[in-house]
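Below is one structure, written out as structure tokens; the observations come after it.
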């Protein structure tokens, strides 16, 4: 199992670094001409590269256990949490931008300048970082009680870490499902508006791209969030059972396995956006081909 996991993360790492690296390079090559949605996609690619930087640690951990000490454990946990939170918020921002551009085209122009969008993204990074602080505080490299290897986990601080785990999960659920509601409302309103008054192919293409990116995000991360909600409910029930002297290990093991599989599916999202953008985004594809031709490819 560890070999398959290491191979899976290695493939994701290679695809993700190449794809997101090219995406960042292309977008930065026309920095001053970026559209609002492209600014959000640039920050999304940076967030994905941050997550991909943790994959070599995950690959080695799956084979040998955690060998990198407390500091690296805290940083990888921070990067993963930042990626998830920023990804959710940035995709919600893209949906809001499409909503403002299509539904309120005239009244929203003053809110869609590049500078204000960059400030919005900076604010999102700061908010997401503050939400991820528990990972810096409580994640530690600890010796596993049921295996002869070290793991990077929360549980070295007992009940306080357990409370933070539950609080962090609740925060993840709130961010994900709130973003999902925002996306659903914005895109449904946009679709209704486009049906009533069709726009040009450029705007329709931008909507198709945004919808596809959002759909892939949901397919990748919704199973993990459902499994995580069930795990949170099970943990709360376990605390009550332990107080009554009852333990149910079977459901815990099943949920742990489900979380492992669905988390791998969620992590695969970090290498998909560049390929979606290359296949659907005509402007990006042309810029990428131009860049590759300059490099002699």
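Here are some notes:
- The stretch between residue 116 and residue 10 holds 34.4 nm of extra length on full extension. This uses 0.36 nm per residue minus the Cα-Cα distance.
- Inter-site label distance for residue 185 and residue 237 at 7 Å from Cα along Cβ, in nm: 3.2
- Neighbour-count order for 37, 151, 88, fewest beta carbons within 10 angstrom listed first: 151, 37, 88
- Listed by Cβ neighbour count within 10 Å, with the fewest neighbours leading, 164, 221 appear as 164, 221.
- Fewest-first ranking of 50, 41, 180, 7, using other Cβ atoms within 10 Å as the exposure measure: 7, 50, 180, 41
- Using 0.36 nm per residue and subtracting the Cα-Cα separation, the extra length available between residue 30 and residue 263 on full extension is 80.4 nm.
- Spacing of the two label points (7 Å from each Cα toward its C-beta) at residue 293 and residue 253, in nm: 6.0
- For region 51-127 and region 4-46, distance of Cα centres in Å: 12
Read-outs throughout are calculated quantities, based only on the coordinates presented, and are distinct from any laboratory measurement. Quick caveat: nothing in here was measured; it's all calculated off a predicted structure. Cβ: placed from backbone, ideal geometry, glycine included. Neighbour counts: every protein chain shown.
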